[in-house]
1. Among the residues of segment 64-88, which ones are among the basic types (Lys, Arg), within 20 Å of Asn161 (Cβ to Cβ) and at pLDDT below 90?
2. Within segment 76-98, can one find any residue that is within 26 Å of Tyr189 (Cβ to Cβ), of a type outside the set (A, V, I, L, M, F, W, C) and within 24 Å of the chain's Cα centre (by Cα)?
3. I'd like the full set of residues that are open to solvent by less than 60 Å² (accessible area, probe 1.4 Å) and more than 16 Å from Asp2 (Cβ to Cβ), limited to segment 109-133.
4. Does segment 158-181 contain at least one residue that is aliphatic (A, V, I, L, M), within 24 Å of Asp12 (Cβ to Cβ) and open to solvent by less than 40 Å² (accessible area, probe 1.4 Å)?
5. Does at least one position in segment 84-93 carry a residue that is under 24 Å from Phe11 (Cα atoms) and open to solvent by less than 50 Å² (accessible area, probe 1.4 Å)?
6. Could you grab me the full set of residues in segment 9-55 that are open to solvent by 10 Å² or more (accessible area, probe 1.4 Å), touching a strand residue (DSSP E or B) at 6+ places or on another chain (Cβ under 6 Å) and closer than 21 Å to Arg122 by Cβ?
7. Could you tell me whether segment 108-122 includes any residue that is part of a loop (DSSP other than H, G, I, E, B) and touching a Pro at 6+ places or on another chain (Cβ under 6 Å)?
8. Looking at Lys154, Lys99, Lys138, Lys73, which is the one that is of a type outside the set (Asp, Glu) and in contact with a strand residue (DSSP E or B) (Cβ under 8 Å, 6 or more places away or on another chain)?
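The values are calculated or read from the model by the stated rules, or taken from the named source; none is laboratory data. This is a predicted model, so every value here is computed, not measured. So basically every Cβ, Gly included, is an ideal-geometry build from the backbone, and we count neighbours across all protein chains shown. We work out accessible area using only protein heavy atoms, side chains counted, and drop any ligands, DNA or RNA first. Shrake-Rupley method; radii C 1.70, N 1.55, O 1.52, S 1.80 Å.
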Amino acid sequence: LDPDAIIPHAFDKSRAIQILVAWVKENNFTPQGKVLPPRGLYIPVWTFDIGGSISYRGERPVEENSQQGFGFKTEKVYVTERGDLSIFVDDLIIPAANKYERYLHSFIESYNLRETKSYDRRYLSNWSAETYEVELSKAALEARSRAYNAEKKKIKRSMYNLRNFSTSSADLAITSYKLLLLPLWMTTYPYEGEDHTVLINGQNGEVYGEMPEKVKKANGNGGIMSWLDDVLDF
């Protein structure tokens, strides 16, 4: 399938390098070796709109008065309660490239999906783009399951006093979907013998970076400029 929409890259490699340098300085450490310039690309995701309703059932405690001799006795009894709650989930995102999935769950919300454009091949001029690996049918099942589980938790919290509580997703359905390309800059830096990934949102410059368990503080500007010279060497 061809993509349906795209968020165009908003800045070039020079700006991506500036953002990377600022992130390293902000976190007050020095990469221990050469850092390659961030690589710009587009990554695919599926987005789903999900609507319908979730039905619930439970037993609500109520107080019931009954006559006992010349007085009344109050007892707690449980009354069955049923209902349906309307649900609409807008643009739930499922990563479509497996190798980026473990990063994107904590990074994906930084994109503003209101700024998507209709897909045009000309947007990919001079950019690489990943093709999707997760099939639409599998992504749709995952999206519906995530939406249901998230809404079920909300309902359960709001109806905490219902006993034997249960829900059903039989009336929950996907109403629309898109294959969307997101702009991303990506690089790695070495630290204590391991490579750590840094992702930069190509739309707004927000950064997600893996941090080592032990981050050594930068030892003067010499250390910073040493790796900076490497990253600017392209």
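1. Residue satisfying the conditions is Lys76 alone.
2. Looking through segment 76-98, at least one residue is within 26 Å of Tyr189 (Cβ to Cβ), of a type outside the set (A, V, I, L, M, F, W, C) and within 24 Å of the chain's Cα centre (by Cα).
3. Matches in segment 109-133: Ser110, Tyr111, Leu113, Ser128.
4. yes
5. Scanning segment 84-93, I find at least one residue that is under 24 Å from Phe11 (Cα atoms) and open to solvent by less than 50 Å² (accessible area, probe 1.4 Å), so the answer is yes.
6. His9, Arg39, Gly40
7. Yes, segment 108-122 contains at least one residue that is part of a loop (DSSP other than H, G, I, E, B) and touching a Pro at 6+ places or on another chain (Cβ under 6 Å).
8. Lys73
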